[in-house]
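> Sharing a structure here in structure tokens format.
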Amino acid sequence: MKICVIGAGAAGLVTAKELRAVGIEVEVLEKRDNMGGLWYLDEKGSSVSEKTYATSSKTFLQFSDFPFDKDEDSFPHHSHYIKYLKRYTAAHDLDRFIHYNCEVLETIKEGDTWRVKANHNGQPYEKVFDGLAICSGLHH
């Protein structure tokens, strides 16, 4: 079984990790050039600024199996949360399953499978998956 995970923010990363933990193959499609979802600051219209800090504590932001460093501020700066997600990704060997600059254009249900059409680095991308996990966030 192979699942397409759309989005490499916190939800997409933990979804990919948990699916892999039970032996399911995953492929993560991320439209931006890096992981982190709304926490990732870039020039293309991020939802964070240089001064953005979390409004939820690290206790609520961390994954149950991967705590923040003890010396991390209670309400981490967005760049610290990105570093946390990168450590999580490295600890669970997820980066090799993530396709960056891969914007999903269409998903089509075909019987028991899903056909995913995307633009990957300016090139057409199309693949059939056994399942789909949409982890693109509330605003996408």
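The values are calculated or read from the model by the stated rules, or taken from the named source; none is laboratory data. All figures in this text were calculated on a predicted structure; none of them were measured in a lab. Counting neighbours? That spans all protein chains shown, and the Cβs are built from the backbone with ideal geometry, glycine included. Areas reflect the complete protein model, heavy atoms only, side chains present, ligands, DNA and RNA absent. Shrake-Rupley method; radii C 1.70, N 1.55, O 1.52, S 1.80 Å.
> What number of residues within the range 1-60 are among the basic types (Lys, Arg) and at pLDDT 95 or above?
3
> Looking at (1) within 21 Å of Cys4 (Cβ to Cβ); (2) at pLDDT 95 or above; (3) open to solvent by less than 80 Å² (accessible area, probe 1.4 Å), which is the one condition that is false for Ala91?
That leaves (1) as the condition not met.
> Let me ask another. For the range 123-140, give me each residue that is farther than 21 Å from Glu18 by Cβ, exposed (fewer than 11 other Cβ atoms within 10 Å of the Cβ) and either of a type in the set (A, V, I, L, M, F, W, C) or at pLDDT 95 or above (or both).
Across the range 123-140, the qualifying residues are Gln123, Pro124.
> Please name all residue pairs, on different chains or six or more residues apart, with Cβ atoms under 9 Å, provided the first residue is in the range 95-115 and is in contact (Cβ under 8 Å) with a residue 40 or more places away in the chain and the second residue is loosely packed, with under 10 Cβ neighbours inside 10 Å.
Partner pairs satisfying both residue conditions: Asn101/Gly122.
> I'm trying to understand the selection: among the residues of the range 94-122, which are among the aliphatic types (A, V, I, L, M) and surrounded by 14 or more Cβ atoms within 10 Å (Cβ to Cβ)?
Matches in the range 94-122: Leu94, Ile98, Val104, Val116, Ala118.
> Continuing with this model, one more query. Pick from the range 54-83 the residues that are in contact (Cβ under 8 Å) with a residue 24 or more places away in the chain and aromatic (Phe, Trp, Tyr): which of them is least open to solvent (accessible area, probe 1.4 Å)?
Applying the filter and picking the extreme gives Tyr81.
> I want to confirm something. Restricting to the range 28-37 and keeping residues that are open to solvent by less than 10 Å² (accessible area, probe 1.4 Å) and outside any loop (DSSP other than H, G, I, E, B), which single residue is farthest from Gly122 (Cα to Cα)?
Val28
> What number of residues within the range 1-24 satisfy the criterion of being part of a helix (DSSP H, G or I) and touching a helix residue (DSSP H, G or I) at 6+ places or on another chain (Cβ under 7 Å)?
3
> Can you pull out the residues in the range 92-140 that are small (Gly, Ala, Ser) and in a strand (DSSP E or B)?
Ala118, Gly131, Ala133
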